[in-house]
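K.L.:
Could you have a look at this structure, given as structure tokens, before my questions?
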Amino acid sequence: MTEKYDDILKQALAPNEEPDLRLNRKIINQVKETDGMMKKRKKWAPGIVFAIALTLVLGSAGVYAAYRFLTPQEAAEHTGDKKLAAAFESEDAVKINETQHFRDYDVTLLGIVSGEEIADHLTEKNGEVQADRTYAVTAVGRADGSSMPEQLSDPEYDSERFFISPLIEGCNPLFVNIGSMDGAYVEFTQDGILYRLTECDNLEMFADRTVYLCVLSGDFFDEAAYSYDEASGAITRTESYEGVNALFTLPLDSKQADREAAEQYIADLMPDEDSDQDSVQEQSEVDAFMAKITPENIDQYAERVESTVWTIPADEDGVIYHYMIDGEELGGVYMERARMFPDGKTGMSDRLAYFDYEKGMESLKIATFTLNEDGSVTCAIYVPIS
């Protein structure tokens, strides 16, 4: 009976367009993964790494979304954040359940909520807690009904990445997106659906203008996927784009708008031409460096910072490893055994995280995890050899 209804619903929601997937141009991001890095992560700037999902359709689409997906509350609970789960059930939360369809994927925005200290796990930046945030839950499923990959060892895992970000009317999305808005995310796969919980600085200050949420093929913002009209400030989908380029309008309460704060926020984000070119060059250098790093050769290119070495006991899991350099706690990295060591083999995991590279190679840090024979996990930060 379930399969019958699933078929009926899938036919009703069949996409009208058939774009192909495409991975293109990169833009600066604060935290990245190598090919093996866990996707269950949450970036705590400048270094915490943790790791859920976001949609447009009419008629039966809302019924289909409710039928297939976890609620935003359930998704938050899955990440272990009970306080955020409660926030998604509050009057301030907005349940959306809208889906946009593409040839290979259905993308659904499930809901959003904004507020101050509404989560158990609060992001940090430069040692300061970022408490006033917007959280959105998205779901991405394959249009043919097959399951999204669940393990990093799945050869299809790296080919199915998505860039999910708020975009602001009147702001060039190339510069104002999740990467510049202190973004972070946690994601997991359940019952074949990829869920992502995305967070960033509170978007309600922009509530007197249109605020969008984009879901885009690949790891980075691709300016070919959307058109930005400098005169009107509007952002629209590029219909001919060969890939997923969903674009949702977020239902924010206009009473919460703060134009002065919004203008100052944007002014602080926009780079001058010279600094932007420098940042792109630094990004390229870091990317090239990390492309050659593996657990087997990391000691040839980077050195371990002994003050960061920490061992997680065999009976502990889902731990945030906090690291210190020169006596200062700079951030932390989330460690989950099933993600870091899916095959249970001892030795250094190939899930290498790199972050804190605002100054390029000079500030780059690499997080490593090594499974020991007794089941304990040794965590350590490496920095490039000068």
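K.L.:
List every residue pair whose Cβ atoms lie under 7 Å apart, where the two residues are 6 or more positions apart in sequence or sit on different chains, the first residue falls within segment 60-84 and is in a loop (DSSP other than H, G, I, E, B) and surrounded by 13 or more Cβ atoms within 10 Å (Cβ to Cβ), and the second residue, located anywhere, is of a type in the set (Val, Ile, Thr) and modelled with pLDDT of 95 or more.
P.N.:
Phe69/Thr108
K.L.:
Could you identify the single residue in Thr138, Thr189 that is at pLDDT 95 or above, under 16 Å from the mean Cα position of the chain (by Cα) and either assigned to a loop (DSSP other than H, G, I, E, B) or of a type in the set (S, T, N, Q) (or both)?
P.N.:
Among Thr138, Thr189, only Thr138 is at pLDDT 95 or above, under 16 Å from the mean Cα position of the chain (by Cα) and either assigned to a loop (DSSP other than H, G, I, E, B) or of a type in the set (S, T, N, Q) (or both).
K.L.:
Taking into account only those residues within segment 236-265 that are over 21 Å from the mean Cα position of the chain (by Cα) and among the β-branched types (Val, Ile, Thr), which is nearest to Met181 (Cα to Cα)?
P.N.:
Thr236
K.L.:
On to the next question. Please verify whether segment 218-230 includes one or more residues that are buried (at least 22 other Cβ atoms within 10 Å of the Cβ), among the hydrophobic types (A, V, I, L, M, F, W, C) and under 23 Å from Ile96 (Cα atoms).
P.N.:
No: zero hits.
K.L.:
Regarding segment 332-355, can at least one residue be identified that is surrounded by fewer than 20 Cβ atoms within 10 Å (Cβ to Cβ), hydrophobic (A, V, I, L, M, F, W, C) and within 21 Å of Gly179 (Cα to Cα)?
P.N.:
no
K.L.:
Could I ask something else about it? Anything in segment 302-324 that is surrounded by fewer than 16 Cβ atoms within 10 Å (Cβ to Cβ) and touching a Ser or Thr at 6+ places or on another chain (Cβ under 7 Å)? List them, or say none.
P.N.:
Val309, Thr311, Pro313, Ala314, Met324
K.L.:
Which members of segment 218-235 meet the condition of being more than 21 Å from the chain's Cα centre (by Cα) and of a type in the set (Ser, Thr, Tyr)?
P.N.:
Result: Ser227, Tyr228, Ser232.
K.L.:
At least 1 residues that are at pLDDT 90 or above and in contact with a helix residue (DSSP H, G or I) (Cβ under 7 Å, 6 or more places away or on another chain) in each: list the strands (runs of 3 or more DSSP E) lying fully within segment 344-385 that qualify.
P.N.:
Per the criteria, 365-371, 377-384.
K.L.:
Is it true that Asp120 is at pLDDT below 95, over 20 Å from the mean Cα position of the chain (by Cα), surrounded by fewer than 23 Cβ atoms within 10 Å (Cβ to Cβ) and more than 17 Å from Gly243 (Cα to Cα)?
P.N.:
Answer is no for this residue.
K.L.:
Where the second residue is surrounded by 15 or more Cβ atoms within 10 Å (Cβ to Cβ) and not in a loop (DSSP other than H, G, I, E, B) and the first is modelled with pLDDT under 75 and among the charged types (D, E, K, R) and lies in segment 320-336, which pairs have Cβ atoms under 8 Å and are six or more apart or on separate chains?
P.N.:
Once the first residue is modelled with pLDDT under 75 and among the charged types (D, E, K, R) and sits in segment 320-336, its partners that are surrounded by 15 or more Cβ atoms within 10 Å (Cβ to Cβ) and not in a loop (DSSP other than H, G, I, E, B) give Glu329/His322; Glu329/Tyr323.
K.L.:
Being part of a strand (DSSP E or B) and touching a Phe, Trp or Tyr at 6+ places or on another chain (Cβ under 8 Å) is the filter here; which residues of segment 108-124 pass it?
P.N.:
Listed by number, the residues that qualify are Thr108, Leu109, Leu110, Gly111, Ile112, Val113, Ser114, Thr123, Glu124.
K.L.:
What pairs can you find where one residue is in segment 209-232 and assigned by TED's automatic domain parsing to the domain that holds Met181, the other is among the acidic types (Asp, Glu), and their Cβ atoms are less than 8 Å apart, with a gap of 6+ or different chains?
P.N.:
Between residues of segment 209-232 that are assigned by TED's automatic domain parsing to the domain that holds Met181 and residues that are among the acidic types (Asp, Glu), the close pairs are Arg209/Glu169; Thr210/Glu169; Val211/Glu169; Tyr212/Glu169; Leu216/Asp222.
The values are calculated or read from the model by the stated rules, or taken from the named source; none is laboratory data. Everything numeric in this text was worked out from a predicted model, so none of it was measured. For neighbour counting, all protein chains shown are included, and Cβ atoms are generated from backbone atoms with ideal geometry for every residue, glycine included.
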